[in-house]
1. Dipole of the stretch 68-223 (Lys/Arg Cβ +1, Asp/Glu Cβ -1, origin at the Cα centre): which of Ile131, Pro207, Asn106 lies farthest to the positive side?
2. In a Gaussian network model over the chain where Cα atoms closer than 10 Å are linked, find which of Asp41, Asp20, Asp123 has the largest mean-square fluctuation.
3. Classify the stretch 136-179 as rounded, prolate or oblate from the Cα gyration tensor: take a ≥ b ≥ c as the square roots of its eigenvalues, call it rounded if a/c is under 1.5, otherwise prolate when a/b beats b/c and oblate if not.
4. Report the FRET efficiency, 1/(1 + (r/R0)^6), for Glu172 and Glu96, where r is their Cβ-Cβ distance and R0 is 41 Å, rounded to 0.05.
5. For each of Ile174, Ile70, count neighbouring Cβ atoms within 10 Å of the residue's Cβ, then give the residues from fewest to most.
6. Past the 31 angstrom mark, what percentage of all C-alpha to C-alpha distances in the chain do you count?
7. On a C-alpha basis, how far is the centre of the stretch 105-143 from the centre of the stretch 8-81 in Å? Whole number, if you could?
8. In deg cm²/dmol and to the nearest 500, what is the mean residue ellipticity at 222 nm of the chain if only DSSP H runs of at least 4 residues count, each as -39500 (n - 2.57), divided by the residue total?
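Laboratory data are not the source of any read-out in this text; all were calculated from the coordinates shown. Just so it is clear, the model here is predicted, and its values are computed rather than measured. As a convention, Cβ positions derive from the backbone with ideal geometry for all residues, glycine included, and neighbour counts pool all protein chains shown.
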Amino acid sequence: MEHKVNLNEISDGKLYTKNDMVKLGCDGCAGKSSCCRFAEDTITLDPYDMYLLNTGEGLSFDLLYSRELIALAPVKGLLLPHLNFSKETGTCPFLETDGLCRIHGNRPGLCRLFPLARYFAEDKLYYILQIHECPNPVTPKVKIKNWLGIPNLEQYEAFLKSWHTLVSVVQEKITAATDNQTINTVTTVFLKLFYLTPYGKEDEFYPQFKERQKAFLNTCNNS
Ligand code: SF4
Ligand code: SF4
């Protein structure tokens, strides 16, 4: 979620943090799972999502891409993978006919958030409650950290802030680049390091990400 939005138009206008209680709930739209339909190319994957798909589902980038479960699209000039919703039916490729998610335990971060969204301001990460997105809101109060269900949430949030900053810097670099070679190098190395190279099961995600981030910055500084 980018900064330049009118919070009062899309949300209840409040900025939440992980320990806040928010009116959240989900009845699965009585088996229809509306949020798993018609999201088009908006469920972008980050490296933590790829780690879960690699290690939890045994799905490498190559498998996901060749089976058309994910696709690539430019986001402010930078190619990023996203869930490949069907053009014909509008459904997520992981949505089962009974309305359940086939990768529920390893679903992407943006799926876990919904109908919350992330809001980055300076070096802080907040959550906002989108008020026009879920057609069937049920409203018990739930603590955000429980809603997300992500272990080591502090570490995860630190990763998200770092990732958000990195993506913004790379998007700026690509937009400002005047030669195709720089764009190609940055794009290729970015995809290879953060998505195409499978993450290992034996190590936690965070040290693997840091190592790749360091390698990427070294390449960028020399290109
Ligand atoms: S649209 Fe709302 S109620 Fe329906 S499945 Fe998604 S979060 Fe649950
Ligand atoms: S990955 Fe699962 S939760 Fe996310 S949109 Fe697809 S079916 Fe829904």
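1. Ile131
2. Asp123
3. oblate
4. 0.55
5. If I rank by nearby Cβ atoms, fewest first, I get Ile174, Ile70.
6. Percentage above 31 Å: 21.
7. 11
8. -11500 deg cm²/dmol
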